[in-house]
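Chemist: I have a structure here, written as C-alpha cells, and I will follow up with some questions on it.
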Amino acid sequence: DPCLGLITTAEVMDMLRKRGSRADGLSEGDQRLWDYLEKSPAGDVPLKKVAELLKQLSERFKGLTQAEKLQFANVLPQSQVEVHMIVEDIEDRLSDEEVEELIELCQSVLSK
C-alpha cells in the first residue's frame with residue numbers, strides 16, 4: 001500500500017506534543033514545524049476525531065483513494081473548490097450531491 005507510511009497532520013502534532021511544548025526542548029526544526037502545522041486546518045483536531053473522519057470516509061465513499069482520504073483529514077475542505085482540488089477526475093467519480101455530503105461530513109465529524 002503506497003500510503004502505508006503516510007500520517008495525518010493531527011498525528012504529527014500529537015508526536016510533537018509528546019516531545020514537549022514549544023517552549024521546552026523542541027529543536028528549532030520541530031518548533032518551525034509546530035508553528036506551521038498549528039496554523040493548518042487540522043492542526044488542533046484531536047486524533048479521535050480524525051480517526052472518526054477517516055472511518056466515515058472509508059465507509060461512505062469507497063471510491064476515494066487512501067491519499068485522498070488523507071488529504072480530507074489534513075485540509076478539512078469547507079467548499080466545493082477545495083474538494084475538487086483533492087479528488088482527481090472528480091466529475092467522473094462524484095456527483096455534486098456527494099461533494100456536498102463530503103463537505104458536511106468534514107464539518108459534522110469535526111464539530112462534535
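Chemist: Hey, could you check the stretch 57-112 for residues that are assigned to a helix (DSSP H, G or I) and among the small types (Gly, Ala, Ser) and say which is least open to solvent (accessible area, probe 1.4 Å)?
Modeler: The extreme case among them is Ala73.
Chemist: Select from the stretch 20-34 the residues that are open to solvent by 50 Å² or more (accessible area, probe 1.4 Å) and acidic (Asp, Glu) and list them in ascending order.
Modeler: Of everything in the stretch 20-34, those that are open to solvent by 50 Å² or more (accessible area, probe 1.4 Å) and acidic (Asp, Glu) turn out to be Asp24, Glu28.
The values are calculated or read from the model by the stated rules, or taken from the named source; none is laboratory data. Bear in mind the structure is a predicted one, so any value in this text is a computation, not a measurement. Calculation scope for accessible area: heavy atoms of the full protein, side chains included, ligands and nucleic acids excluded. Shrake-Rupley method; radii C 1.70, N 1.55, O 1.52, S 1.80 Å.
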